Amino acid sequence: MARKLYIETVGCQMNVLDSELVVASLRKEGYELAATPGEADTILFNTCSVRQHAEDKIYSALGRLKHAKTHNPDKVIGVLGCMAQKDQQLIFRRAPYVDLVVGPGQLHQVPQLIAEARQGAGPRLEVSLNRRDGSQEAIRRSHESFDPLRDPQMRPSPYQAYLRIMIGCDKFCTYCIVPSVRGPEQSRPPAEIVAEARQLASEGCKEVILLGQTVNSYRYRDEQGETRLADLLRQLHEIDGLERLKFVTNYPKDMTTRLLETVRDLPKCSPYLHVPLQSGSDAVLRRMKRGYTVGEYREMLARIREIIPSAAVTSDFIVGFCGETDEEFEATCESVRESRFKNSFIFKYSERPGTKGASLYPDDVPETVKRERNNRLLAIQNAISEEDNLRFLGQTVKVLVEGPSKTSQKQGQTGELVQLTGRTHCDRIVVFPGNRRLVGQLLPVMVYDTSAFTLHAEVVTQEVRPTVFQLDGLSSNV
Ligand code: SAH
Ligand code: SF4
Ligand code: F3S
């Protein structure tokens, strides 16, 4: 009988990709996916340490498994990813029934480690060197990029795929744990990335989302010279079958004019740029060690809008960072009003032990104030998102159809028409009724209603296809 695997994933797109690759490698060993931990004989958690909340969630899930393990000692329980790298032995101390703790740089070992655990090898810890525990080269080597050949069946949709172009981060923003859990910044060779993209395209993939913590810092040097993100995009653009190229997350200081002109000139590049500002106060940005001022960010944003007028720009913010005063928070509100992001992800500061922020500054903004600031900033952003989306009323936009919407999956619609969701080139979510057969197609739809997060639309039929409107600042790229 096939082995049953249950995997739970938290964290960023890197983790979603890592889980996909781990599942693919276990499928090759004959594993099948189980819908609940109860049905599974192997339970994996792919974890995140970016905020305390993400860690708490996994420790309580582990707590719930204590019983299952006592009743069924053959179950193998593994903790993978960033929290495995950060907490290491602490995980065994808090949950002694865990069999494996595997960092993001050792994921290729997972099938082997599970097999050994099943044979009674005892608990295993496989992690990378900490950033102070070895030579630069040894530390770098201990973080291996896990990018085996892809299995199309392992992706949520065969038409879209994440593709890692670099690992790690060297920016060391003072609040952030990522550089210590994901290790030094290392770019993958362009030839490998292009080969992977070719394979994805040959399997029917239409949209590729390039991943890196600071994706626009991509830099690979060899005898042929230096390859930057702009060069890589040009190479990927040649691949037949690929229709859309997106890349996340951008670091403001590395947003070069050449990259922006490349995005403008290559029709497959989505006019969508996630470039987190984090705070609208220079003093806070300095404490965060972000490496730019609000003025420099404003200049960059103006450059984006000048070169790519249709660009949808999105941001992240941290509210309640150490010492954030009312005035400093007001400055962030003002930046959000002024910048008109398509949307922003807003987080309450969560102190991360081991970061510079934790050792230099007290986490002194009360939780109630953080919550209140979070809500206020979200309300400002949502009003802007709602207002901006109104421009799409009556417009025809091209969507890549992703699948049935969450609500229609829940209702289990079985008729001809279901609610489908898709995304525009600029990453706006569109919901419309249609046949499941449309999934994976690039399709024009007509927007008849909008909200802050969603465009509601109808499929444009061949017979009554209206002209694609052109509004100021809106290209047919949307
Ligand atoms: N590499 C990306 C994203 C890193 S994590 C970047 O540089 O933008 C994603 C987001 O989580 C960050 O942009 C930041 O807004 C938030 N974040 C990171 N550390 C945090 C912390 N300690 N507390 C709260 N939010 C945090
Ligand atoms: Fe963290 Fe800053 Fe690196 Fe992003 S750039 S991963 S926020 S240290
Ligand atoms: Fe979390 Fe690791 Fe991503 S800490 S945000 S899963 S890189």
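Structure data summary
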| item | result |
| --- | --- |
| Extension gain (nm, one decimal) between ARG219 and ASP449, 0.36 nm per residue minus Cα-Cα | 78.6 nm |
| Cysteines in the chain lacking a second Cys C-beta under 4.7 Å | CYS12, CYS48, CYS82, CYS169, CYS205, CYS269, CYS322, CYS333, CYS426 |
| Low-density loop cleavage sites - trypsin sites (Lys or Arg not before Pro) in the range 1-54, where at most 12 other Cβ are within 10 Å (DSSP) | LYS28 |
| The chain: antiparallel DSSP beta bridges as a percent of all, rounded to 5 | 40 percent |
| Distance (nanometres) between label positions extended 7 Å along Cα→Cβ at GLN441 and GLN52 | 5.1 nm |
| Zone of GLU261's modelled label, taken as backbone nitrogen in the range 215-231 under 17 Å from a point 7 Å along Cα→Cβ | 228-231 |
| If the convex hull is drawn through the Cα atoms of the chain, its volume per residue in Å³ | 164 Å³ |
| Distance violations [Cα-Cα > 24 Å] among LYS253/LYS289; LYS4/LYS206; LYS171/LYS206; LYS370/LYS406; LYS66/LYS348; LYS268/LYS289 | LYS4/LYS206; LYS171/LYS206; LYS370/LYS406; LYS66/LYS348; LYS268/LYS289 |
| Trypsin sites (Lys or Arg not before Pro) restricted to the range 53-149 and DSSP loop, no more than 15 other C-beta within 10 Å | ARG132 |
| Phi to ³J(HN,Hα) by Karplus 6.51 cos²θ - 1.76 cosθ + 1.60 over the range 76-82, Hz, x for Gly, Pro | 9, 10, x, 10, 10, x, 5 |
| Fewest-first ranking of HIS71, HIS456, HIS274, using other Cβ atoms within 10 Å as the exposure measure | HIS71, HIS456, HIS274 |
| ³J(HN,Hα), Karplus 6.51/-1.76/1.60, whole Hz, each residue of the range 417-429, x for Gly, Pro | 9, 10, 6, 9, 10, x, 10, 6, 4, 8, 6, 8, 7 |
| Per-residue Cβ neighbour rank within 10 angstrom, fewest leading, SER202, SER128, SER60 | SER60, SER202, SER128 |
| TYR361-GLU387 FRET efficiency (beta carbon distance; Förster radius 30 Å; 0.05 resolution) | 0.25 |
| Computed magnitude of the charge dipole of the chain (debye, nearest 20; Cβ of K, R +1, Cβ of D, E -1) | 620 debye |
| CD proxy at 222 nm, helix term only [per DSSP H run n ≥ 4: -39500 (n - 2.57); per residue of the chain; nearest 500] | -10500 deg cm²/dmol |
| Theoretical gain in end-to-end length, PHE345 to LYS28 [0.36 nm per residue, Cα-Cα removed] | 110.5 nm |
| Antiparallel content of DSSP bridges confined to the range 146-388, in %, to 5 | 25 percent |
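Coordinate-derived values only; no laboratory data. It should be emphasised that the depicted structure is a prediction, and the values quoted were computed from it without experimental measurement. FYI the Cβ positions are ideal-geometry reconstructions off the backbone, even for glycines, and counts take in every protein chain you see.
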